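Asks: Here you go, one structure.
The values are calculated or read from the model by the stated rules, or taken from the named source; none is laboratory data. Bear in mind that the values here come from a model prediction, so they are computed numbers and not experimental data. Cβ placement follows ideal geometry from the backbone for every residue including glycine, while neighbour counts extend to all protein chains displayed.
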Amino acid sequence: MGPLIPNGIIPHEWDSIIAILIGIVFGFVLEASGFSSSRKLAGVFYGYDFAVLKVFFTAALVALIGMFYMDYLGYVDISQMYVHPTYLWGAIIGGVIMGAGFVTGGFCPGTSLCAVAIGKIDAIVYVIGIMIGIFIFSELFFLLQPLYEGSFLGNITLVDSLGVNPYWFIFIFTIIAIISFVISDIIRKRNKKIFY
Amino acid sequence: MVKKKVAKVLAFRYMVLAGILIILAGGLVLLPKYEKHEGIKPEQLLSNVISPERYITTDYLADKLISQDPSYLLIDVRDEESYTTYSIPNAINIPLAKLLDEDSEMYLNQDQFNIVLFSNDNFSADQAWILCNRLDYKNLHVLKGGVNMWYNTIINPIKPTEDMPAEAFELFTFRKAASMYFGVAYPEQFKATVVKKVIPKKVITVKKKKKAPAEGGC
């Protein structure tokens with residue numbers, strides 16, 4: 001049956017409308033769970049708040065387990081799902097830059113827009129910074145192009161590259177997630193409580 | 001009192017959620033695995049099997065070949081030896097054993113051409129037809145009767161007896177004309193060909209003479 005759009009159950013013309021609706025819900029949930037506060041987001045690096053780690057890890061797990069159950073029951077064909085292409089070095093260097101920006105600015109791109117929506121000045125500065133970064137990247141694209149398009153590994157997943165059984169991989173991944181939650185809780189309790 | 005009980009349960013809420021995640025993930029590992037169907041559903045295959053579009057006759061194919069219809073792609077699923085011995089003109093050879101190879105896929109999995117599968121009779125072509133249909137390849141047909149039928153109807157048509165209906169005679173004239181197109185010579189047109197055949201023979205003899213001195217030189 002699914003995925004709904006590639007199989008023509010929902011026409012392609014609805015793409016943008018669905019994207020807007022999902023975006024609104026996503027933004028609402030981000031804001032409602034306090035993700036528009038740079039202090040809360042940066043807490044994961046200083047060890048006083050691990051909400052970011054927990055929320056995104058749990059979201060990934062719920063989606064992953066849910067998808068594979070739906071695949072098992074025949075509602076969704078997992079082989080038809082879009083897998084983002086991997087450009088190895090581009091992803092590593094981009095990840096480092098993004099991480100550095102996350103620590104110093106206290107936002108990731110999605111949450112920064114969320115914080116702009118509720119009028120945070122630091123977020124507005126942050127978004128202007130993003131725009132400047134995009135401008136520099138676009139202007140220097142001819143220099144960065146080999147990095148951007150190099151070391152292309154195709155649309156691979158961890159299951160493909162490690163060659164493991166996906167069901168076992170999910171199980172082990174779940175256990176790793178829960179262990180990381182427990183460890184993060186221990187670290188948080190050791191740290192001095194910070195009110196923000 | 002109730003509030004205290006609720007608070008006691010809620011104290012373990014993260015443990016419970018973590019437990020649910022582990023149970024669900026473990027469930028995926030423990031669930032019995034089954035082979036998934038690739039390609040079209042059995043009902044669809046069945047409806048394709050009984051569809052009259054499945055077979056095309058040799059007369060229809062001959063008509064399409066003579067009118068040089070470019071939309072027909074002929075695929076001979078017999079082995080290579082039979083293919084080189086005799087095949088329908090312009091056919092491609094994809095032996096049944098190599099049907100699912102990557103090289104064959106680009107011929108079979110497309111929607112530009114009408115594919116006509118044939119073998120000596122229907123049998124191997126039908127097998128190929130089922131396999132390809134199962135993979136949801138489009139526009140597949142089987143030549144009814146295969147090469148044998150082709151030979152008996154188009155290449156060597158049987159002359160109808162005089163008590164047969166007029167359509168049989170019309171069909172015979174069509175088949176006879178088709179066979180001429182595909183290179184069969186009849187006694188009626190023999191005179192014209194005699195003259196032409198003599199000329200190339202002379203050319204061949206000249207060539208032989210040229211070869212002889214070259215051998216001597218060595």
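Asks: Please pick out the residue among A:Ala117, A:Ala59, A:Ala100 that is out of contact with any His (no Cβ under 9 Å at 6 or more places or on another chain), of a type in the set (A, V, I, L, M) and within 14 Å of another protein chain (Cβ to nearest Cβ). Show your work before the answer.
Replies: On the way: A:Ala117 fails: within 14 Å of another protein chain (Cβ to nearest Cβ); A:Ala100 fails: within 14 Å of another protein chain (Cβ to nearest Cβ).
Going through A:Ala117, A:Ala59, A:Ala100 in turn, just one is out of contact with any His (no Cβ under 9 Å at 6 or more places or on another chain), of a type in the set (A, V, I, L, M) and within 14 Å of another protein chain (Cβ to nearest Cβ): A:Ala59.
Asks: Now a separate question. Quick one: count up the residues across segment B:120-154 that are closer than 25 Å to B:Thr173 by Cα and touching a Phe, Trp or Tyr at 6+ places or on another chain (Cβ under 7 Å).
Replies: 6
Asks: Are any of the residues in segment A:132-154 away from chain B (no Cβ under 14 Å), within 21 Å of A:Leu64 (Cβ to Cβ) and at pLDDT below 90? Reasoning before the result, please.
Replies: Filtering segment A:132-154 down to residues away from chain B (no Cβ under 14 Å) leaves A:132-154.
Restricting the remaining residues to those that are within 21 Å of A:Leu64 (Cβ to Cβ) gives A:153-154.
The next check asks that each one be at pLDDT below 90; those that pass are A:153-154.
Yes, segment A:132-154 contains a residue that is away from chain B (no Cβ under 14 Å), within 21 Å of A:Leu64 (Cβ to Cβ) and at pLDDT below 90.
Asks: Scan segment B:121-139 and give yes if some residue there is part of a helix (DSSP H, G or I), more than 28 Å from B:Glu43 (Cα to Cα) and of a type in the set (S, T, N, Q), otherwise no. Before the answer, list the steps.
Replies: Let us first name the residues in segment B:121-139 that are part of a helix (DSSP H, G or I), namely B:123-134.
From what is left, the residues that are more than 28 Å from B:Glu43 (Cα to Cα) are none.
Within segment B:121-139, not a single residue is part of a helix (DSSP H, G or I), more than 28 Å from B:Glu43 (Cα to Cα) and of a type in the set (S, T, N, Q).
Asks: For segment A:117-136, what are the residues that are surrounded by fewer than 19 Cβ atoms within 10 Å (Cβ to Cβ), hydrophobic (A, V, I, L, M, F, W, C) and part of a helix (DSSP H, G or I)?
Replies: Those that are surrounded by fewer than 19 Cβ atoms within 10 Å (Cβ to Cβ), hydrophobic (A, V, I, L, M, F, W, C) and part of a helix (DSSP H, G or I): A:Ala117, A:Ile121, A:Ile124, A:Val125, A:Val127, A:Ile128, A:Ile130, A:Met131, A:Ile132, A:Ile134, A:Phe135, A:Ile136.
Asks: Oh, and also: State all residues of segment B:141-156 that are of a type outside the set (Phe, Trp, Tyr) and touching a residue at least 40 places away in the same chain (Cβ under 8 Å); if no residue qualifies, say none.
Replies: B:His141, B:Val142, B:Leu143, B:Lys144, B:Gly145, B:Val147, B:Met149, B:Thr153, B:Ile154
Asks: Where residues in segment A:166-184 are more than 10 Å from chain B (Cβ to nearest Cβ) and touching a helix residue (DSSP H, G or I) at 6+ places or on another chain (Cβ under 8 Å), which of them is surrounded by the fewest Cβ atoms within 10 Å (Cβ to Cβ)?
Replies: Filtering segment A:166-184 for residues that are more than 10 Å from chain B (Cβ to nearest Cβ) and touching a helix residue (DSSP H, G or I) at 6+ places or on another chain (Cβ under 8 Å), the one surrounded by the fewest Cβ atoms within 10 Å (Cβ to Cβ) comes out as A:Ser180.
Conditions (1) within 14 Å of chain A (Cβ to nearest Cβ); (2) under 18 Å from the mean Cα position of the chain (by Cα), marked per residue:
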residue	(1), (2)
B:Val6	no, no
B:Arg13	yes, no
B:Leu61	no, yes
B:Leu96	no, yes
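Asks: Separate question: Considering only segment A:44-68, state which residues are touching a helix residue (DSSP H, G or I) at 6+ places or on another chain (Cβ under 7 Å) and part of a helix (DSSP H, G or I). Walk me through it before giving the result.
Replies: Going through segment A:44-68, the residues touching a helix residue (DSSP H, G or I) at 6+ places or on another chain (Cβ under 7 Å) turn out to be A:44-45, A:47-54, A:57, A:61, A:64-65, A:67-68.
If the condition is that a residue be touching a helix residue (DSSP H, G or I) at 6+ places or on another chain (Cβ under 7 Å) and part of a helix (DSSP H, G or I), then A:Val44, A:Phe45, A:Ala51, A:Val52, A:Leu53, A:Lys54, A:Phe57, A:Leu61, A:Leu64, A:Ile65, A:Met67, A:Phe68 are the ones that fit.
Asks: Sort out which residues of segment A:168-196 are in a helix (DSSP H, G or I) and either polar (S, T, N, Q) or in contact with a strand residue (DSSP E or B) (Cβ under 8 Å, 6 or more places away or on another chain) (or both), and write them in order of number. Working first, answer last.
Replies: Of the residues in segment A:168-196, the ones in a helix (DSSP H, G or I) are A:168-190.
Passing the criteria: A:Thr174, A:Ser180, A:Ser184.
Asks: A follow-up question, please. From (1) part of a loop (DSSP other than H, G, I, E, B); (2) away from every other protein chain (no Cβ under 14 Å); (3) among the charged types (D, E, K, R), pick out the condition that doesn't hold for B:Lys33.
Replies: Of (1) part of a loop (DSSP other than H, G, I, E, B); (2) away from every other protein chain (no Cβ under 14 Å); (3) among the charged types (D, E, K, R), only one is false for B:Lys33: (2).
Asks: Among the residues of segment B:88-100, is any under 16 Å from B:Val142 (Cα atoms), part of a helix (DSSP H, G or I) and touching a Phe, Trp or Tyr at 6+ places or on another chain (Cβ under 6 Å)?
Replies: So far as segment B:88-100 goes, no, none of its residues is under 16 Å from B:Val142 (Cα atoms), part of a helix (DSSP H, G or I) and touching a Phe, Trp or Tyr at 6+ places or on another chain (Cβ under 6 Å).
Asks: Report whether or not A:Lys54 is assigned by TED's automatic domain parsing to the domain that holds A:Ser180, under 29 Å from A:Trp168 (Cβ atoms) and surrounded by 11 or more Cβ atoms within 10 Å (Cβ to Cβ). Before you say what the answer is, go through the steps one by one.
Replies: Working: assigned by TED's automatic domain parsing to the domain that holds A:Ser180: yes; under 29 Å from A:Trp168 (Cβ atoms): yes; surrounded by 11 or more Cβ atoms within 10 Å (Cβ to Cβ): yes.
Taking the combined requirement at face value, the residue satisfies it.
Asks: Also, I was wondering about something else. Looking at B:Ser82, B:Ser47, which is the one that is over 22 Å from B:Met149 (Cβ atoms), away from chain A (no Cβ under 14 Å), part of a helix (DSSP H, G or I) and of a type in the set (Ser, Thr, Tyr)? Talk me through it step by step, then tell me what you get.
Replies: Values: B:Ser82 fails: over 22 Å from B:Met149 (Cβ atoms).
Only one candidate passes the filter, namely B:Ser47.
Asks: For residues in segment A:57-99 being hydroxyl-bearing (Ser, Thr, Tyr) and within 17 Å of A:Ile170 (Cα to Cα), which is surrounded by the fewest Cβ atoms within 10 Å (Cβ to Cβ)? Don't jump to the end; show me each part of the working.
Replies: Residues of segment A:57-99 that are hydroxyl-bearing (Ser, Thr, Tyr), as a first pass: A:58, A:69, A:72, A:75, A:79, A:82, A:86-87.
Subset that is within 17 Å of A:Ile170 (Cα to Cα): A:58, A:69, A:72, A:79.
Values: A:Thr58: 16, A:Tyr69: 15, A:Tyr72: 18, A:Ser79: 9.
Step by step, filter segment A:57-99, then rank; the result is A:Ser79.
Asks: Still on this model: Name every residue in segment A:105-121 that is farther than 24 Å from A:Ile22 by Cβ and either outside the structural domain of A:Gly150 (by TED's automatic domain parsing) or modelled with pLDDT under 90 (or both), in order of residue number. Break it down into steps so the answer makes sense when it comes.
Replies: So in segment A:105-121, the residues farther than 24 Å from A:Ile22 by Cβ come out as A:105-106, A:121.
Of everything in segment A:105-121, those that are farther than 24 Å from A:Ile22 by Cβ and either outside the structural domain of A:Gly150 (by TED's automatic domain parsing) or modelled with pLDDT under 90 (or both) turn out to be A:Gly105, A:Gly106.
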